[in-house]
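To start, the structure itself, in structure tokens.
The values are calculated or read from the model by the stated rules, or taken from the named source; none is laboratory data. On a predicted model such as this, the values are computed, not experimentally measured, just so you know. Here Cβ is always computed from backbone atoms with ideal geometry, including for glycine, and neighbour counts include all displayed protein chains. Keep in mind that these areas ignore ligands, DNA and RNA; they rest on the heavy atoms of the full protein, side chains included. Shrake-Rupley method; radii C 1.70, N 1.55, O 1.52, S 1.80 Å.
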Amino acid sequence: MSAVVRCWESTDPSYNAYHDEEWGRPVRDERGLYERLSLEGFQSGLSWLTILRKRESFRAAFAGFDPERVAEFGEADVERLLADAGIVRHRGKIEAAIANARATLALRETTPLPELVWAYRADGPAPRSRADWQAVTNGSTALSKELRQAGFRFVGPTTVYAAMQACGVVNDHLATCHARPAAEEARVRA
């Protein structure tokens with residue numbers, strides 16, 4: 001039996017499951033995109049595994065990442081979240097998640113978040129190695145700028161590109177990765 005080839009390997013089964021079943025698969029709903037953008041913002045400067053291990057706590061703390069509910073959060077909620085050891089307790093990132101929920105709702109009046117994000121879909125050849133991965137692209141830079149103009153925070157080009165990868169806006173599974181065909185098929189159906 002041959003070993004499964006992944007883009008990255010971890011001794012943590014949840015990290016491998018995230019790679020195999022979620023990373024690079026299309027996320028087209030507003031709540032899902034808002035969640036991924038929020039989590040990528042919280043990840044800034046930390047390991048993704050740290051965020052992945054705290055994901056259920058984040059979901060509980062941020063009302064399932066329902067943008068309508070999070071948009072109503074006030075200072076008492078910020079203080080509650082700063083005391084929650086189950087999440088990353090960083091005032092700027094917490095306040096950004098709340099501001100981003102409000103911005104998500106405001107985008108409904110112009111270009112809804114899914115439409116905006118997916119306008120930057122990028123198709124291209126499969127990366128052959130991790131050295132082919134980029135941290136920033138012209139698309140992530142432009143999307144970052146549009147999001148910031150709409151009132152989003154903690155959405156720099158690197159964070160936005162990580163979200164684009166996570167949400168399948170780009171499929172950066174390596175050419176040799178066992179998950180690439182499933183992610184590509186999901187993008188075609190989406």
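Residues of the range 75-93 that are surrounded by fewer than 17 Cβ atoms within 10 Å (Cβ to Cβ) and basic (Lys, Arg): 80, 89, 91. May I ask you to verify whether residue 140 is among the hydroxyl-bearing types (Ser, Thr, Tyr) and surrounded by fewer than 13 Cβ atoms within 10 Å (Cβ to Cβ)? No. Would you check if there is a residue in the range 79-92 being out of contact with any strand residue (DSSP E or B) (no Cβ under 9 Å at 6 or more places or on another chain) and within 28 Å of residue 184 (Cβ to Cβ)? Checking the range 79-92: not a single residue is out of contact with any strand residue (DSSP E or B) (no Cβ under 9 Å at 6 or more places or on another chain) and within 28 Å of residue 184 (Cβ to Cβ).
Residues that are surrounded by 18 or more Cβ atoms within 10 Å (Cβ to Cβ) and of a type outside the set (A, V, I, L, M, F, W, C) within the range 21-30 comprise 24, 25, 26, 30, listed in sequence order. Whether any residue in the range 42-54 is within 28 Å of residue 108 (Cα to Cα) and touching a Lys or Arg at 6+ places or on another chain (Cβ under 6 Å) is what I want to check. Within the range 42-54, one or more residues are within 28 Å of residue 108 (Cα to Cα) and touching a Lys or Arg at 6+ places or on another chain (Cβ under 6 Å).
Table: residues versus (1) open to solvent by 40 Å² or more (accessible area, probe 1.4 Å); (2) in contact with a helix residue (DSSP H, G or I) (Cβ under 9 Å, 6 or more places away or on another chain).
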| site | (1), (2) |
| --- | --- |
| 5 | yes, no |
| 12 | no, yes |
| 35 | no, yes |
| 43 | yes, yes |
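Buried (at least 18 other Cβ atoms within 10 Å of the Cβ) and in a helix (DSSP H, G or I), is that true of residue 53? Taking the combined requirement at face value, the residue does not satisfy it.
Residue 153 meets all of the listed conditions (1) assigned to a helix (DSSP H, G or I); (2) open to solvent by 60 Å² or more (accessible area, probe 1.4 Å) but one, namely (1). Pairing residues of the range 1-28 that are over 23 Å from residue 131 (Cβ atoms) and at pLDDT below 90 with residues that are open to solvent by less than 50 Å² (accessible area, probe 1.4 Å) and small (Gly, Ala, Ser), at Cβ distances under 9 Å and at least 6 apart in sequence or on separate chains, gives no pairs at all. Residues in the range 165-182 that are part of a loop (DSSP other than H, G, I, E, B), open to solvent by 50 Å² or more (accessible area, probe 1.4 Å) and not β-branched (Val, Ile, Thr): 175, 178. Of all residues in the range 57-91, those that are of a type outside the set (Val, Ile, Thr), part of a helix (DSSP H, G or I) and either touching a helix residue (DSSP H, G or I) at 6+ places or on another chain (Cβ under 9 Å) or without any contact (Cβ under 8 Å) to a residue 24 or more places away in the chain (or both) total 17. Any residue in the range 56-74 that is basic (Lys, Arg), closer than 30 Å to residue 177 by Cα and open to solvent by 10 Å² or more (accessible area, probe 1.4 Å)? The answer is yes, given that some residue of the range 56-74 is basic (Lys, Arg), closer than 30 Å to residue 177 by Cα and open to solvent by 10 Å² or more (accessible area, probe 1.4 Å).
Residues that are in a helix (DSSP H, G or I) and surrounded by fewer than 20 Cβ atoms within 10 Å (Cβ to Cβ) within the range 94-108 comprise 95, 99, 102, 105, 106, listed in sequence order.
Residues in the range 55-95 that are among the small types (Gly, Ala, Ser) and under 24 Å from residue 18 (Cα atoms) were compared, and the one that is farthest from the chain's Cα centre (by Cα) is 85.
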